[in-house]
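Following: one structure in structure tokens, then a few remarks.
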4 protein chains.
Amino acid sequence: MDRRAEADQGPAVPGRFPRDPDQTRTRILQAATLEFHRFGLGGARVDRIADTAGVNKRMLYYYFGSKDDLFLAVLEAVYEQIRGEERTLELDRLDPVEAIRQLVSFTWHYYLRHPEFLTLLNSENLHEARHLKRSSHVRSLHSPFVQMLGDVLGRGRAAGVFRDGVDPVQLYISLAGLCYFYLGNRHTLAAIFDRDLMAPDALATRLEHVTGFVLGYLTNPLSAGRVATRP
Amino acid sequence: MDRRAEADQGPAVPGRFPRDPDQTRTRILQAATLEFHRFGLGGARVDRIADTAGVNKRMLYYYFGSKDDLFLAVLEAVYEQIRGEERTLELDRLDPVEAIRQLVSFTWHYYLRHPEFLTLLNSENLHEARHLKRSSHVRSLHSPFVQMLGDVLGRGRAAGVFRDGVDPVQLYISLAGLCYFYLGNRHTLAAIFDRDLMAPDALATRLEHVTGFVLGYLTNPLSAGRVATRP
Amino acid sequence: MDRRAEADQGPAVPGRFPRDPDQTRTRILQAATLEFHRFGLGGARVDRIADTAGVNKRMLYYYFGSKDDLFLAVLEAVYEQIRGEERTLELDRLDPVEAIRQLVSFTWHYYLRHPEFLTLLNSENLHEARHLKRSSHVRSLHSPFVQMLGDVLGRGRAAGVFRDGVDPVQLYISLAGLCYFYLGNRHTLAAIFDRDLMAPDALATRLEHVTGFVLGYLTNPLSAGRVATRP
Amino acid sequence: MDRRAEADQGPAVPGRFPRDPDQTRTRILQAATLEFHRFGLGGARVDRIADTAGVNKRMLYYYFGSKDDLFLAVLEAVYEQIRGEERTLELDRLDPVEAIRQLVSFTWHYYLRHPEFLTLLNSENLHEARHLKRSSHVRSLHSPFVQMLGDVLGRGRAAGVFRDGVDPVQLYISLAGLCYFYLGNRHTLAAIFDRDLMAPDALATRLEHVTGFVLGYLTNPLSAGRVATRP
DNA sequence: CATGAATGAGGTTTCATTCAT
DNA sequence: GATGAATGAAACCTCATTCAT
């Protein structure tokens, strides 16, 4: 993650970075993201975060209050980032099938590019989301997303290509789950199935499978009732 | 849990504590499962495990060697249990659609009944499966399961109800992911979507959704190629 | 406490914060008094003092040099205040018995109104008066007080109502001790004797007891020798 | 404080003291008493206690739970000791005047021999007795003491030597206060009155003063009403 | 006069593990 | 097989103080 992207570009500051609160904050947040990703909340070490960030340990507390508060800040940041990138897809301007395809592809590749997103969620769930529960920010982040997805489904149904009565939240959980479980649990899956799940071929196959899975479900002409429920 | 159930039953031990190695081992394992479930590997406390098990802390080391080895023992035990119960389904004796339905239902309800299975996998993946990698036991546990699932898919395809070219491992990962993500990440999902995912209605709806999803995919008469791939 | 009461009253400072050195100093001193009272020297927090005073932490050091110097400044201030109020009693203008009665009453009520006086002395004694020892100011504050009390005792003896040979310092220590121990140690006393020492009744009773105690001693017609010393 | 009074006296233990839980506990308690005495609760250092006691720091937590709990243990121990020694006076077997004389003398000398008793009370009051409040033990320790003192007063009044209506708790607080304030606040008193309060002469004089003070009050033939209250 | 940012030493507490019996 | 006592490293966090502006 591009640390210090265009730092020190001006002649005013003589090659030092202290006394730049914004940068200090950012550096801590990045270091913390990495640390929590690699070791979880319990395994993360505050000292290591400070070292990685190149700041005094005391600063973590100055800026974030506590390890737990820092963890929440990290969670909020990663949610903000994925939802932000998602918005750039502009799914409302695509035709429904293409929108779903794009969303699946984006989700898949985002998880691939950002393994920390998976592990951080992982950790937070281990702790029963006790950090996120305190955050109204993340909640407000998600209602527009749900609305947008609901709109896509509505248009697809109106066009006669999608099945009826699909809950956007339910669909998103399925879509995310199909990507998440493969990528996030790849270590145990590799161990028990004795396969390399990260080989380029395997990755391409999985994406195709997931896309087919989701669209196969949405476009199945047989009503859900006839197949999914017992006759 | 019933500490010292039928202790001192024999005349061999004159008025001393149980000294029932098997029971001691089992109690430690149960206590460890609970502890790792609730706090993760990093957050689990050896003292607490010993207390819960009602044995001296030293015994953990006597029986299991170390905290990490104990964690592996727990993992092997939970895998053994789920695969064992799975075998009792005798999917090879059911017709393909019913077999899949049964497998989905079993997986769903097993995860519901055994939340520790989810969190333990969770933890192990956080640690990149470094424990399971050392275990050949779990690997041997899974190949018959894959074979059996492949057989069901083969029979379904032969009967003309299932689509072609479905990899059993891929399907299993999808099926598990659909259940796992909803249940295992329910805390963060509840926080961000502001929903109660564990309400009886919600659970029933989700199971139906998952079943429909899997069967919708498997039985979609449109070839995967025509829809999932761009024209 | 009324932060920035009549701030920005002068045209000198163009739209900036108060910059009223005297007020800043006073506010720090008040905040410090409260903090040292509540938490002792060791437990007091420099940050909290600055926050309470509504000034930047750096100002404490600017005005007082260090935490210890600030503590000494607080001590000197409280001594100055009690001795100052004491002077307004004008004991030299009262008849001896009434003077003692007034002194007892004043001491009692002053301690009641100013619990911080007790706790600050408390703290300073815990540290073996290492701050006060450096202060010649407090010493000079007390010699007139001793002289005045000695004068009252002399007048009482001359009038035949007070016993002979009473050391004013000794008497003051006794009088103060009778008030101090009850009020200053009221928490432990309440805990061990299971009583509410601060109930209005209890307070009135105690003051009466102390007054009786002091005057009972001073006015006892039996020579001290006959009773207090073994025959 | 006689550390390791008659340790290692037996031939069984080859000159080591670990693995003697009782002694370890005692050593920690003694070291803690000294540390809290010298530095107060806030200023006391857990490391220093462990070093002084010659035990691993971890043992403090093993035996006492926390610094605060250790402080309470110290408080309970010192109360137990003073009340225990007090009982050996057997005041109920002495004539009333002699009993009071003995109690004053004992209190005075106990405070002199055990300055830590004064400073510990001091510290506990600074913290508003939040430790002692949790201790029912100390409460039970004091009711027999109050009863005994009440008995002495009753006998003195019956014999016609003590005045009427003296509350034993009130008297004890006065007696203790007269000793405590002089000895416990000697550092500030020395600083402000510029006297050496610990010189042998000064100490003897003070004890005589206190004894005279207490007995002067108890035996004053003038009714309290006539002198202590305004005519 | 005044400020927000920064520091490093050291605070209490907890950890997995091992020793001596 | 089983135990209570002991260990040292390291965890999170806080402290009084100072720097750069």
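FYI, it's all coordinate maths here, none of it is from the lab. All of these numbers come straight from a predicted model, not from anything done at the bench. Cβ sites come from the backbone with ideal geometry, for glycine too, and all protein chains shown count toward neighbours.
Set the Förster distance to 56 Å, then compute FRET efficiency between C:Asp69 and B:Arg87 from the Cβ-Cβ distance, nearest 0.05.
For C:Asp69 and B:Arg87, the calculated efficiency is 0.10.
Hey, what angle do you get for helix A:115-126 against the long axis of chain A, alpha-carbon based, 0 to 90 degrees rounded to 10?
That works out to roughly 90 degrees.
Taking the Cα centre as origin and putting +1 on Lys and Arg beta-carbons and -1 on Asp and Glu beta-carbons, what dipole magnitude results for the stretch D:72-228, to the nearest 20 debye?
320
Magnitude of the Cβ-charge dipole of the protein assembly as shown, K/R +1 and D/E -1, about the Cα centre, nearest 20 debye? Don't skip to the end; give the middle numbers.
Values: 116 positive and 112 negative charges, 115 e Å.
It works out to roughly 560 debye.
Given DSSP loops and a limit of at most 14 other Cβ atoms within 10 Å, what is the longest stretch of chain A that contains no such GluC sites (Glu not before Pro)? Kindly include the intermediate steps, with their values, before the conclusion.
Working: sites that count: A:Glu6, A:Glu90.
It works out to A:91-231.
In nm, to one decimal, how far is the modelled label at A:Glu80 from the one at C:Glu208, with both set 7 Å along Cα→Cβ?
Placing both labels 7 Å along Cα→Cβ, they lie 6.8 nm apart.
Given the alpha-carbon gyration tensor of the protein assembly as shown, what are the semi-axes of its equivalent ellipsoid in whole angstrom, ordered largest first, with each equal to the square root of 5 times an eigenvalue?
Largest first, the protein assembly as shown gives 78, 36, 24 Å.
Which aspartates and glutamates, if any, have their Cα less than 12 Å from the Cα of A:Lys67, not counting same-chain residues under 8 positions apart?
Of all the aspartates and glutamates, those that pass the test against A:Lys67 - Cα under 12 Å, at least 8 places apart if same chain - are A:Glu35, A:Asp47.
Using Cα pairs under 8 angstrom and six or more residues apart, how large is the relative contact order of the stretch B:73-138, in percent?
42
Using alpha carbons only, what's the Rg to Rh ratio of chain A with Rh from Kirkwood?
Numbers: Rg = 21.0 Å, Rh = 20.2 Å.
Value, to two decimals: 1.04.
Per the helix-only calculation at 222 nm, which mean residue ellipticity applies to chain D, given -39500 (n - 2.57) for every DSSP H run of n ≥ 4 and division by its residues, nearest 500 deg cm²/dmol? Before the final figure, lay out each step's value.
Values: 11 runs with 163 residues, N = 231.
Computed ellipticity for chain D at 222 nm equals -23000 deg cm²/dmol.
In percent, what relative contact order does chain A have, based on Cα pairs under 8 Å that are 6 or more apart in sequence?
18 percent.
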